[in-house]
Amino acid sequence: MKQRSVFTAVLTAGLMLTGCTAIAEKQPEEQKAAETTVEKKAEKNKAVASKAVIGTGSYVDYPRAQLFIDEMKKAGFSESYLRETLAKAKRQQSILKAISRPAEKSLTWGEYRKIFIESKRISQGVKFWQENHETLALAEKTYGVPAEIIVSIIGVETRYGRITGSYRVLDALATLGFDYPRRSEFFLGQLEEYLHLVKEENVDITSLKGSYAGAMGYGQFIPSSYRNFAVDFDNDGKRDIWKNKKDAIGSVANYFAEHKWKPGEPVISAVSFAQTADESWFSKGRKGLIPSQTIADWQQRGVNPQLDLSPEGKAILMRLKMGKDDQYWLGLHNFYVITRYNHSKLYAMAVYRLSEQIKMAYEKRKMQVAKTSTKKS
């Protein structure tokens, strides 16, 4: 296993606002310990950052930058290279504005659903599948992840490569690492990963672009996710998730496989109740995404899945609002795997429901093409 510095060691406590993560799966008590570590470091770094020379246009003169340089020297980088790199990094006020923008009101499932499950995204997904059907079939065979899930993820993240971000990744990570104290440790960890990435891939450190939070390519991988899960799926010697659809598709599939996607198993199940459900049973927050109760446990509580599920399987209980009505679901293991991409029940549900719509439209289109071909012959 690679030895990581103090910056990378705390990555498991932070989550990207956009894109995916390489965060290891943790139990609640582990998460709490990691979060405590980050909070202590953040307070220390906030004091250092307050003395920063803001407005110089780059980060090489920041006191916090020297601490970063000292850490990265231990990882084998020269001080001259690091200072040159930080001198190239430009502070982007628009990034700080974007990440600090007050959150919109909490969306219901019905409101969230309308954003992602709409006819244009579905038709674009069908076209993407048609254009890349051989690669998607190979990815499904290689990694056991359904083609429609891969297509849906890319559709939700970037509209099939149409919106991948225009910020230099170096600028995004430096800006958030040095000028956003609340999550500086996470983004400095990603900056460290990015330095390793460009060295390993032999690319110009200023050439790669992504979102304001440093997420990259068709599938919006942050640097740690790229290093851990991106693959050279077409065997051309490069892992290109920015322009190469084959590598992007294979990388998303590999991400899910590495997070233990179970081929052929369901994602969710509707439920009925034999008694009134206790409020404490419903999944809440990020910790609530981790399945801890078995199907047998839920059945003992009078929560009965509509699907025939293994009693040993684990699931979370969800209540999602659709208009004036509430929907009740069990989120199964594969649902949890989708939340590893983005830690949100609504995100995972949107990805799954969109995948269903794309698959139905794709199969319908195939049948139409087949009928047309038969008539012509």
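Does the stretch 304-311 include one or more residues that are more than 20 Å from the chain's Cα centre (by Cα) and buried (at least 17 other Cβ atoms within 10 Å of the Cβ)? If you could, list the steps in order and put the result at the bottom.
Here is the first cut: in the stretch 304-311, the ones more than 20 Å from the chain's Cα centre (by Cα) are 304-311.
Then keep just the ones that are buried (at least 17 other Cβ atoms within 10 Å of the Cβ); that gives 305, 309.
Yes; the residues of the stretch 304-311 include at least one that is more than 20 Å from the chain's Cα centre (by Cα) and buried (at least 17 other Cβ atoms within 10 Å of the Cβ).
Scanning the stretch 151-179 for residues that are assigned to a helix (DSSP H, G or I), closer than 22 Å to M360 by Cα and not small (G, A, S) gives V151, I153, I154, V156, E157, T158. Among the residues of the stretch 169-185, at least one is surrounded by 22 or more Cβ atoms within 10 Å (Cβ to Cβ), of a type in the set (F, W, Y) and farther than 30 Å from E356 by Cβ. Filtered by the rule that a residue be closer than 23 Å to Y347 by Cβ and surrounded by fewer than 16 Cβ atoms within 10 Å (Cβ to Cβ), the stretch 286-303 gives R286, K287, S292. Would you be able to say whether some residue in the stretch 365-377 is closer than 20 Å to A147 by Cβ and surrounded by 15 or more Cβ atoms within 10 Å (Cβ to Cβ)? Within the stretch 365-377, one or more residues are closer than 20 Å to A147 by Cβ and surrounded by 15 or more Cβ atoms within 10 Å (Cβ to Cβ). Within the stretch 106-126, the presence of at least one residue that is at pLDDT 95 or above and acidic (D, E) is confirmed. Each residue in the stretch 136-164 was checked for being of a type in the set (G, A, S) and buried (at least 21 other Cβ atoms within 10 Å of the Cβ), and 4 pass. Of E29, E25, E43, E35, all but one fail to be at pLDDT 50 or above and not basic (K, R); the exception is E43. Residues in the stretch 251-263 include at least one that is in contact with a helix residue (DSSP H, G or I) (Cβ under 7 Å, 6 or more places away or on another chain), of a type in the set (G, A, S) and touching a residue at least 60 places away in the same chain (Cβ under 8 Å).
Only one of V231, V198, V203 is within 24 Å of E71 (Cβ to Cβ) and in a loop (DSSP other than H, G, I, E, B); which? Reasoning before the result, please.
Values: V231 fails: within 24 Å of E71 (Cβ to Cβ); V198 fails: in a loop (DSSP other than H, G, I, E, B).
Criteria check complete, one pass: V203.
Checked against the criterion of being closer than 18 Å to L138 by Cα and assigned to a loop (DSSP other than H, G, I, E, B), the stretch 243-256 contains one or more residues that satisfy it.
Suppose the filter is outside any helix (DSSP H, G or I), touching a residue at least 24 places away in the same chain (Cβ under 8 Å) and under 21 Å from T142 (Cβ atoms); does G214 pass it? Lay out the reasoning, then the answer.
Details: outside any helix (DSSP H, G or I): yes; touching a residue at least 24 places away in the same chain (Cβ under 8 Å): yes; under 21 Å from T142 (Cβ atoms): no.
For G214, the condition - outside any helix (DSSP H, G or I), touching a residue at least 24 places away in the same chain (Cβ under 8 Å) and under 21 Å from T142 (Cβ atoms) - is not met.
A count restricted to the stretch 267-289 and to residues that are within 17 Å of N334 (Cβ to Cβ), in a loop (DSSP other than H, G, I, E, B) and out of contact with any helix residue (DSSP H, G or I) (no Cβ under 7 Å at 6 or more places or on another chain) stands at 0. Regarding the stretch 223-232, can at least one residue be identified that is in contact with a strand residue (DSSP E or B) (Cβ under 6 Å, 6 or more places away or on another chain) and in contact (Cβ under 8 Å) with a residue 40 or more places away in the chain? Yes, the stretch 223-232 contains a residue that is in contact with a strand residue (DSSP E or B) (Cβ under 6 Å, 6 or more places away or on another chain) and in contact (Cβ under 8 Å) with a residue 40 or more places away in the chain.
Would you point out the residue of the stretch 83-93, among those that are without any contact (Cβ under 8 Å) to a residue 60 or more places away in the chain and more than 17 Å from R182 (Cβ to Cβ), that is surrounded by the fewest Cβ atoms within 10 Å (Cβ to Cβ)?
Step one: of the stretch 83-93, the residues without any contact (Cβ under 8 Å) to a residue 60 or more places away in the chain are 83-84, 87, 93.
After this cut, where a residue has to be more than 17 Å from R182 (Cβ to Cβ) as well, the list is 83-84, 87.
Values: R83: 17, E84: 12, A87: 15.
Of everything passing the filter in the stretch 83-93, E84 is surrounded by the fewest Cβ atoms within 10 Å (Cβ to Cβ).
Looking across G285, G331, one residue alone is of a type in the set (G, A, S) and more than 30 Å from K141 (Cα to Cα). It is G285.
The values are calculated or read from the model by the stated rules, or taken from the named source; none is laboratory data. Quick caveat: nothing in here was measured; it's all calculated off a predicted structure. Backbone-built Cβ (ideal geometry, glycine too); neighbour counts: all protein chains shown.
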